[in-house]
Amino acid sequence: MLQIRRTFTGSGVASLNVRENPIMPSDESGSAQIGRNGLRVAAEIAVVAGAAASLGLMLLVGHRNPSALLLTLFGGWVLLPFVGLLVAAKRGRGSMVSVLILIVALASVGIYAYAAFGPPLAKPHSRSWRFLSCLGWRSPRR
């Protein structure tokens with residue numbers, strides 16, 4: 001798309017500046033390219049935000065765990081899929097990749113949020129574990 005700008009000088013002479021507008025493309029393929037780039041940028045932002053949110057929720061749930069090694073391993077477990085998504089966002093050329101990245105990033109944050117703020121999970125009673133261990137001890141060995 002052409003951009004036309006009219007300027008006035010102090011002496012009252014008007015001049016026209018005509019140039020190509022870099023923001024507004026001149027053909028339809030350019031506007032589609034801007035849409036794909038916007039979707040790609042949104043996917044990359046969603047991956048980074050999703051990784052930060054998921055890691056924060058994991059640390060919220062495991063804040064009472066005294067083992068730093070276990071928290072580090074869980075942190076790697078949580079962040080590794082987001083690293084893969086970021087690589088896919090950088091290498092992917094189609095808009096379908098960006099849409100899938102957005103869906104996966106948002107869904108994983110939702111799952112971690114449900115695990116952090118949802119209803120507590122039922123814990124098995126100690127009697128049931130004793131009963132199961134007795135069954136294992138009584139089973140014939142082959």
Residue-ordered couplings for the range 65-77, obtained by feeding phi - 60° into the Karplus form 6.51 cos²θ - 1.76 cosθ + 1.60 and rounding to whole Hz (Gly and Pro as x), are 6, x, 8, 5, 5, 5, 5, 5, 5, 5, x, x, 4
Between Ala115 and Asn37, Cβ-based FRET efficiency (R0 22 Å, step 0.05) works out to 0.05
Taking 82-95, 42-55 and ranking on average Cβ neighbours within 10 Å, highest first, one gets 42-55, 82-95
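Every read-out reported here was derived from the displayed coordinates using simple, explicitly stated rules and does not represent laboratory data. Since this is a predicted model, take the numbers as computed values, not measurements. A quick note on method: Cβ atoms are made from the backbone with ideal geometry, for glycine too, and the neighbour counts reach across all protein chains shown.
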